[in-house]
1. How much of the accessible area of the range 10-126, in percent, comes from carbon and sulfur atoms when a 1.4 Å probe is used?
2. So which aspartates and glutamates pass the test for residue 39, namely a Cα distance under 12 Å, with those fewer than 8 places away in the same chain ruled out?
3. If contacts are Cα pairs under 8 angstrom and at least 6 residues apart, what is the relative contact order of the range 49-101 in percent?
4. Using DSSP to call loops (not H, G, I, E or B), can you name the GluC sites (Glu not before Pro) in the range 93-159 whose Cβ has at most 11 other Cβ atoms within 10 angstrom?
5. Would you please name the GluC sites (Glu not before Pro) within the range 16-57 that are DSSP coil residues with at most 10 other C-beta atoms within 10 Å of their C-beta?
6. Please tell me the relative contact order of the range 22-132 in percent, rounded to the nearest whole number, where contacts are Cα pairs under 8 Å and at least six residues apart.
7. Check each of the trypsin sites (Lys or Arg not before Pro) in the range 66-143 and keep only those in coil by DSSP with at most 11 other C-beta atoms within 10 angstrom; list them in order.
Amino acid sequence: FRDTFRSCRLNLSRREKAFVCGLGRIGFKKTLELIEQGKQVTVFELAESTHYTKLAEEAGAIIFQGDVTDALGLEEHVCRGPRDIYLVTGHDHSNITALENIRAIRDRQIKSGKKPKPVTCYLHVSDYVLEQEVRRSQVDRDAASAGDGELDSVQVELFNIFSQTGRQLIADHLALKNTRPRCYDEVAFYVIVGFGQMGKALLREIAERAHFENRKR
């Protein structure tokens with residue numbers, strides 16, 4: 001009965017709809033931002049009740065429990081016509097599987113004669129190697145769609161929050177003139193404490209981007 005009430009509430013809402021898959025740190029922050037923008041936000045979360053789900057519900061989000069890799073569970077929410085879908089479960093393979101399920105659902109809608117509104121999927125991939133593979137796959141898919149003279153039914157915006165944060169930290173730090181070694185005898189040292197996803201991303205960005213006039217770091 002509770003899910004039926006939520007579905008009625010969504011169907012009667014005239015606000016622009018957004019769909020968030022996963023309510024961890026990234027999903028929770030994005031949910032609050034979307035609500036502040038005046039959008040009707042639906043959240044699909046595997047855990048039944050967490051600190052984030054309670055806060056998001058209090059803020060105005062509509063929470064459904066389910067697995068994003070389950071195509072049948074996703075279909076009702078995708079068919080409701082959200083303009084933006086955020087795949088931020090915290091598990092790369094789950095996000096990618098959900099994207100393929102969403103594409104399949106949209107393709108079935110189109111083949112049945114329906115004309116769904118354009119949708120953009122924001123896909124988070126934290127593993128750097130997997131991120132590059134997905135980017136190459138998306139480029140090939142876009143090229144194939146362009147060759148057929150058709151647009152992909154789902155537009156994808158791929159992002160890696162760890163790499164983006166690493167790039168921003170480096171850009172902000174290197175913008176300070178007194179931190180940039182210029183003399184030949186000067187060397188820049190970086191100390192990273194911890195080697196999780198953020199540590200690895202930061203180290204990679206430093207190796208690729210932290211170039212100085214004296215070629216030392």
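1. Numbers: 2950 of 5890 Å².
Using a 1.4 Å probe with all protein chains present, the range 10-126 comes out at 50 percent carbon and sulfur.
2. Once the sequence-local aspartates and glutamates are set aside, what remains near residue 39 is 16, 84.
3. On the way: 24 pairs, mean separation 19.8, N = 53.
This gives 37 percent for the range 49-101.
4. Details: sites: 100, 131, 133, 150, 157; in loops: 150.
For GluC sites (Glu not before Pro) across the range 93-159 that sit outside H, G, I, E and B with at most 11 neighbouring Cβ atoms in 10 Å, the list reads 150.
5. Numbers: sites: 16, 33, 36, 45, 48, 57; in loops: 16, 48.
Those satisfying the criteria are 48.
6. Values: 144 pairs, mean separation 28.0, N = 111.
25 percent.
7. On the way: sites: 80, 83, 103, 106, 108, 111, 114, 135, 136, 141; in loops: 80, 83, 114.
Within the range 66-143, the qualifying trypsin sites (Lys or Arg not before Pro) (loop, at most 11 other Cβ atoms within 10 Å) are 114.
The values are calculated or read from the model by the stated rules, or taken from the named source; none is laboratory data. Just so it is clear, the model here is predicted, and its values are computed rather than measured. Here Cβ is always computed from backbone atoms with ideal geometry, including for glycine, and neighbour counts include all displayed protein chains. Ligands, DNA and RNA are excluded from the accessible area calculation, which covers all protein heavy atoms including side chains. Shrake-Rupley method; radii C 1.70, N 1.55, O 1.52, S 1.80 Å.
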